[in-house]
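Derivation of every value follows stated rules applied to the coordinates shown; laboratory data play no part. None of the values given here were measured: they were computed from a predicted structure. Every residue, glycine among them, receives a Cβ derived from its backbone with ideal geometry; neighbour counts consider all protein chains shown.
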Amino acid sequence: MRSGFLVLALLGGPAAAQAPVTPPPEERTWHLTVYGSRWVDADLLEIPEQALTGELTGEEAYIVGAGLSRVIVPSFSIPLPGTDFAFRGNRIEIEGQVLRHFGDQSHWEGTLALMFRTGQIPLFGGLSVNLAFGEGLSYASEPPGLEGSDRVEPVRLLNYLAFEAEFSHSSLPGVYFVPRIHHRSGVFGLFADKGSGSNFIGAGIRVDLR
């Protein structure tokens, strides 16, 4: 009789201890990022090619600052039409930044943008990445000197775009390395004369605030 109870327990009978279930990781709600960036002498579409060929040059103009983000649409899927496949784990966030320019131009800048972020893409050795794109507005405390020219007067309010990759490693949950492009433009005359704007390339460290 005693051996029968033992077999029943081993087979997962009512008296068997249930194996602990690992809960899914908690989705982040807030995250904070600190950045540093440098002005590059290239149009937005020229940056990838010039970066790969080593032809990317810059001015002695820099940004340091911080951004606070809030997830407003948590993980959702985007199905691929005509298939059973879906892109999972996408999010939409709202991001605000306060930035200080120094070097060849000196002023404050604030940005507010909506960010679309993909789900995690596994790489190797515990490393993964997601990609994000942001669209919003940028306001400078004074007209940025380097954004002007003989033909174009610099303006304070411009359209803002952000492009970034967020790298993480399983050994450091909640901490990320974030290369980023910071782009201001007049959107072909919508905000300012054609030729207005700037591009900065840099990187930051991000931490989840939950």
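Some observations on this one:
- For region 82-197, the Cβ-based charge dipole about the Cα centre amounts to some 240 debye (Lys, Arg positive; Asp, Glu negative; other atoms uncharged).
- FRET efficiency for T83 and S106, using Cβ-Cβ distance with R0 set to 35 Å, rounded to 0.05: 0.10
- All other residues whose Cβ lies under 14 angstrom from that of E27 are scored, Lys and Arg at +1 and Asp and Glu at -1, for a net of +3.
- Calculated mean projected area of the Cα convex hull in nm² (choose from (1) 12.9; (2) 17.6; (3) 14.2), label: (2)
- Over the chain: helical MRE at 222 nm, DSSP H runs n ≥ 4 each giving -39500 (n - 2.57), nearest 500: -2000 deg cm²/dmol
- For a paramagnetic label modelled on F76 (point 7 Å from Cα along Cα→Cβ), amide N atoms under 12 Å away belong, within region 91-123, to 91-93, 116-117.
- Over the chain, relative contact order from alpha-carbon pairs under 8 Å, at least 6 apart, %: 19
- Note on the chain: with a GNM built from Cα contacts shorter than 10 Å, the maximum mean-square fluctuation among D193, D104, D84 falls on D84.
- For region 48-112, the list of chymotrypsin sites (Phe, Trp or Tyr not before Pro) that fall in a loop by DSSP and count at most 14 other C-beta atoms within 10 angstrom reads F85.
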